[in-house]
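The values are calculated or read from the model by the stated rules, or taken from the named source; none is laboratory data. Just so you know, these numbers come straight off a predicted model, no measurement behind them. Here Cβ is always computed from backbone atoms with ideal geometry, including for glycine, and neighbour counts include all displayed protein chains.
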Amino acid sequence: MRSVHPAADPLSVLRPPPEHTLLLRACLLDAAAGRAAWEEWRARVGGVKAFFSAETFGLKRLLPLLGAALQRAGATLEPELRAYLHVAQTHEMLRRQHFDRIAGAALDALVAGSVACIALQGVALAADAYPAWALRHSHDVDVLVRREDLARAAALLGAIGVGPPTALDRAGRHLRLVHAAALPIVLHSEPFRLPCFAPPLSALWTRSRPAARAGVGGLAAADALLHVCGQAACSPGRDSLQWACDASFLLARHPDLDWDGLIETARAARLALPLSVLLGYLADELAAPARDRLCAAAADADSVTVECALLGAHAAPRVRYRDLLRAGRTWPMRAFVARWIALPSPASLRAAGLVESAAELPGFYARRALRFAARMVSPRRTTGRAPRA
């Protein structure tokens, strides 16, 4: 039986808004349903070119996919719009060729230096999940390496024209380097920026599968879906909607997905609760397969797990504290969210890597109170930021 944790209500902010859902349906659904969504979306937003020129969430990344879907569905487009979408597709194809050359050189350098690595996100998904590699926009080259190999991997990349590394977290688990051609390469020793979301690494490495490029593995299908949705649960990039496309294509490509393994790993990684919300959205709005057992696995999430999920949900630019409060349907849940906003538990702060010792807590709470007061009176955010409590 389907069982839903009360925190699924405030976490409903993870779901894209209705206008974005229509755009996703136009990109992903079959002919008749896709055409209907396209017409309704156009009626809501007005000028298509004006919309994509003004939006700030990264939705332009979907233009090649949208153009291909409309062409496949036989949608009627005026010549100017058809040309606009064709230019977007051509630009992405040329960009993808440039991206693949640099990504290939980086991965070859790591393999030649005997650094075990797993390609993540766009590097792997463009070929492993999408119907055509140029339909998946990729901004970074994301690679998973073992923690003990991080420094050596950065040094190997330096030899091919990649700049010095910058740590993206206080513990140095994620390093960002920029190629001379201005393409970022990000080395991850863990799958997620927030350490509270920590699947068993040894199991991920054991289950990894060979990819097209010799020496570079890819995540197993269930682990790739976990990574896509886990990123969406805690990343400012969630609003670009790319996660929904990635997950939809993964599910379509792998009808035999290991759901038992996904549920087990999601629980171990504290991700069952946000995954139940995100996969529920895909089932409700995009006709993707979902399993009620994931909701059951999320039903026993403890308070620290819920606080970590709230932290991740708040990472997206369009989500504010008040949105989390309003989305709670019961007063006990609203009270829990309010308490988390004002005074997150020390256990959740340690799990998220925001404090390392009890001595840091007073200063953290004081800074949090000041930031919260400033945000409550600031204009709505329109740019991304890293998640923080």
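Considering only residues that are of a type in the set (A, V, I, L, M, F, W, C) and assigned to a loop (DSSP other than H, G, I, E, B), look in segment 152-177 and name the one that is farthest from the chain's Cα centre (by Cα). Please lay out each step first, then the result.
First pass over segment 152-177, keeping only residues of a type in the set (A, V, I, L, M, F, W, C): 153-157, 159-160, 162, 167-168, 171, 175, 177.
Then keep just the ones that are assigned to a loop (DSSP other than H, G, I, E, B); that gives 159-160, 168, 171.
Working: ALA159: 30, ILE160: 28, LEU168: 16, ALA171: 21 Å.
Step by step, filter segment 152-177, then rank; the result is ALA159.
So, CYS196, is that one within 26 Å of ARG170 (Cβ to Cβ) and in contact with a Pro (Cβ under 6 Å, 6 or more places away or on another chain) or not?
no
Could you check how many residues of segment 18-54 are loosely packed, with under 15 Cβ neighbours inside 10 Å and either in contact (Cβ under 8 Å) with a residue 40 or more places away in the chain or among the aliphatic types (A, V, I, L, M) (or both)?
Adding up the residues that qualify gives 6.
Among the residues of segment 55-107, count how many are at positive phi and surrounded by fewer than 16 Cβ atoms within 10 Å (Cβ to Cβ). It would help to see each step written out before you state the result.
Filtering segment 55-107 for residues at positive phi gives 58, 74.
Right, trim to surrounded by fewer than 16 Cβ atoms within 10 Å (Cβ to Cβ) and you get 74.
Qualifying residue count for the region: 1.
List every residue pair whose Cβ atoms sit under 8 Å apart, with the two residues 6 or more apart in sequence or on different chains, where the first one lies in segment 71-91 and is farther than 13 Å from ALA26 by Cα and the second, anywhere, is small (Gly, Ala, Ser) and assigned to a helix (DSSP H, G or I).
Close Cβ pairs (under 8 Å, with a partner that is small (Gly, Ala, Ser) and assigned to a helix (DSSP H, G or I)) amount to LEU85/GLY67; HIS86/GLY67; ALA88/GLY67; GLN89/GLY67; GLN89/ALA68; GLN89/ALA134.
Taking the criterion of being closer than 28 Å to LEU94 by Cβ, among the small types (Gly, Ala, Ser) and surrounded by 23 or more Cβ atoms within 10 Å (Cβ to Cβ), would at least one residue in segment 144-160 satisfy it?
No, that holds for no residue.
Within segment 187-203, count every residue that is surrounded by fewer than 20 Cβ atoms within 10 Å (Cβ to Cβ), under 20 Å from the mean Cα position of the chain (by Cα) and not in a loop (DSSP other than H, G, I, E, B). Please lay out each step first, then the result.
Filtering segment 187-203 down to residues surrounded by fewer than 20 Cβ atoms within 10 Å (Cβ to Cβ) leaves 189-190, 195, 198, 200-203.
Narrowing further to those that are under 20 Å from the mean Cα position of the chain (by Cα): 189-190, 195, 198, 200-201.
Retained after the next criterion (residues that are not in a loop (DSSP other than H, G, I, E, B)): 201.
Looking only at that region, the number is 1.
Here's a check for you: in segment 1-60, which residue that is under 30 Å from ALA335 (Cβ atoms) and touching a Ser or Thr at 6+ places or on another chain (Cβ under 9 Å) is modelled with the lowest pLDDT?
If we take residues in segment 1-60 being under 30 Å from ALA335 (Cβ atoms) and touching a Ser or Thr at 6+ places or on another chain (Cβ under 9 Å), then VAL4 is modelled with the lowest pLDDT.
Quick grid of which residues meet (1) in contact with an Asp or Glu (Cβ under 6 Å, 6 or more places away or on another chain); (2) within 22 Å of ALA374 (Cβ to Cβ); (3) of a type outside the set (Lys, Arg):
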position	(1), (2), (3)
ASP284	no, no, yes
ARG293	no, no, no
ASP302	no, no, yes
CYS308	no, no, yes
ALA316	yes, yes, yes
ARG334	no, no, no
TRP340	yes, yes, yes
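Only one of these is surrounded by 17 or more Cβ atoms within 10 Å (Cβ to Cβ), small (Gly, Ala, Ser) and modelled with pLDDT of 95 or more: ALA313, ALA301, ALA290. Name it.
Criteria check complete, one pass: ALA313.
Which count do you get for residues in segment 111-141 that are farther than 22 Å from HIS254 by Cα and part of a strand (DSSP E or B)?
Summing the residues that are farther than 22 Å from HIS254 by Cα and part of a strand (DSSP E or B) in segment 111-141 gives 2.
Would you be able to tell me the number of residues in segment 232-251 that are in contact with a Phe, Trp or Tyr (Cβ under 7 Å, 6 or more places away or on another chain) and more than 17 Å from ALA126 (Cα to Cα)?
Here is the first cut: in segment 232-251, the residues in contact with a Phe, Trp or Tyr (Cβ under 7 Å, 6 or more places away or on another chain) are 232, 234, 239-240, 249.
Now drop any that are not more than 17 Å from ALA126 (Cα to Cα), which leaves 232, 234, 239.
So the answer is 3.
So, in segment 87-101, how many residues would count as being in contact with a Phe, Trp or Tyr (Cβ under 8 Å, 6 or more places away or on another chain) and of a type in the set (Val, Ile, Thr)?
Qualifying residue count, segment 87-101: 0.
Could you run through segment 319-334 and say how many residues are surrounded by fewer than 17 Cβ atoms within 10 Å (Cβ to Cβ) and either modelled with pLDDT of 95 or more or not β-branched (Val, Ile, Thr) (or both)?
Of all residues in segment 319-334, those surrounded by fewer than 17 Cβ atoms within 10 Å (Cβ to Cβ) come to 322-323, 325-326, 329-332.
Checking the rest, the ones that are also either modelled with pLDDT of 95 or more or not β-branched (Val, Ile, Thr) (or both) come to 322-323, 325-326, 329, 331-332.
Selection size over segment 319-334: 7.
How many residues does segment 335-358 hold that are free of Cβ contacts under 8 Å to residues at least 40 places away in the same chain and either surrounded by 17 or more Cβ atoms within 10 Å (Cβ to Cβ) or not in a loop (DSSP other than H, G, I, E, B) (or both)?
Qualifying residue count for the region: 11.
Only one of these is modelled with pLDDT under 95, over 22 Å from GLU19 (Cα atoms) and not in a loop (DSSP other than H, G, I, E, B): GLY230, GLY217, GLY237. Name it.
Of GLY230, GLY217, GLY237, the one residue that is modelled with pLDDT under 95, over 22 Å from GLU19 (Cα atoms) and not in a loop (DSSP other than H, G, I, E, B) is GLY217.
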